[in-house]
1. Give the Rg/Rh ratio for segment 168-263, taking Rg as the radius of gyration of the Cα atoms and Rh as the Kirkwood radius, to two decimals.
2. Helix 214-232 versus the longest principal axis of the chain: what angle, 0 to 90°, nearest 10, using Cα atoms?
3. Compare Ala95, Ala248, Ala72 in a GNM of the chain, Cα atoms joined below 10 Å, and give the one with the largest fluctuation.
4. What is the distance in Å between the Cα centres of segment 198-256 and segment 27-98?
5. Based only on Cα atoms, what mean projected area does the convex hull of the chain have, in nm²?
6. Working out 0.36 nm times the residue gap between Ser163 and Ala210, then minus their Cα-Cα distance, what length gain in nm do you get to one decimal?
7. Please compute the contact order of segment 71-201 in relative form: average sequence separation of alpha-carbon pairs under 8 Å and at least six residues apart, divided by the residue count, as a percent.
8. Treating only the Cβ atoms of Lys and Arg (+1) and Asp and Glu (-1) as charged, compute the dipole magnitude of segment 86-179 about its Cα centre; round to the nearest 20 debye.
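The values are calculated or read from the model by the stated rules, or taken from the named source; none is laboratory data. The model shown is predicted, which means the values in this text are computed figures rather than measured ones. Neighbour counts run over all protein chains shown; Cβ positions are idealised from the backbone, glycine included. Protein only, heavy atoms only, side chains kept; ligands, DNA and RNA dropped before computing areas. Shrake-Rupley method; radii C 1.70, N 1.55, O 1.52, S 1.80 Å.
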Amino acid sequence: MTVNWAVTTYDSAFGYVSAHGAPLVDLLDPQPGERVIDLGCGTGAFSAEIAERGAEVLGIDGSPDMVAQATAMQPGLSFIVGDAHDFTVGDSFDAVASNAALHWMTRDPDAVIGRVHAALRPGGRFVGELGGAGNCAELIVAMQTAWRVFGLGEPELPWYFPSPAEYAAKLEEAGFTLRLLEHAERPTRMTEGPNGAADWVRAYAARALADVPPELVDPLLDRVNDLAAPALRRESGWVADYVRLRFAAVRRSDGAAPTPFGPLASDRPL
């Protein structure tokens, strides 16, 4: 069982946020006329939610296919192809937000945070949610065990799931003041495929399957299901053992000293 871990302080930027559970767009609280980057925008659904609040949104994603879909699905918004590790924008933005995307940006997480810092005006907000330490632990163990059973090398895992302390330190070192940080278990129904953990691996860990001999893929994934089922299969269906890390931070003025965290709450209700 993962312990719910949170560090929370409130100021004028996030004072209205009462507890975990509010949609990420509420935590961002985009205002009419603000300029906001949606980093790792995918097909633009989160960008559209931000734009509904009256903000001007620029969606950035490393996948040309995703950007093409976003442009087609959200014709009134702006989207560009860009690598989160080295993107640049001409003017300063009021906020950068990212929903379920930062854990895919594995090459250099510090570089991603640095580019966000460079894109923001002093006092600008960085708000996001990503997989945190312990995310998909049962699924990953089932994968790793199945790969060993079939005599395969360790599967390549395409994610970065930081601990709260690790990510907090990265934000502070990059020039942000942390305002809210929550780390919480969020078991989630697997609704995208009927074959449970096997379908999850096909959808989210395709890179790990790329080097598997084709004749082994189906029996390998059957074994993943067998191994994951005791922890993740319910009478109502399969559940993914998600653990989410949610944060809100503000860019400090250049030269400003870091601000200490607020009080810790090790078992805060969620």
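1. Working: Rg = 20.1 Å, Rh = 16.6 Å.
Answer for segment 168-263: 1.21.
2. Its long axis makes an angle of about 70 degrees.
3. Among Ala95, Ala248, Ala72, the largest GNM mean-square fluctuation belongs to Ala72.
4. That distance is 25 Å.
5. On the way: hull surface 61.1 nm².
Its average projected convex-hull area is 15.3 nm².
6. Working: separation 47, 0.36 × 47 = 16.92 nm, distance 2.85 nm.
So the chain would gain 14.1 nm between Ser163 and Ala210.
7. Numbers: 125 pairs, mean separation 29.7, N = 131.
Relative contact order of segment 71-201: 23 percent.
8. On the way: 7 positive and 12 negative charges, 27 e Å.
Around 140 debye, computed over segment 86-179.
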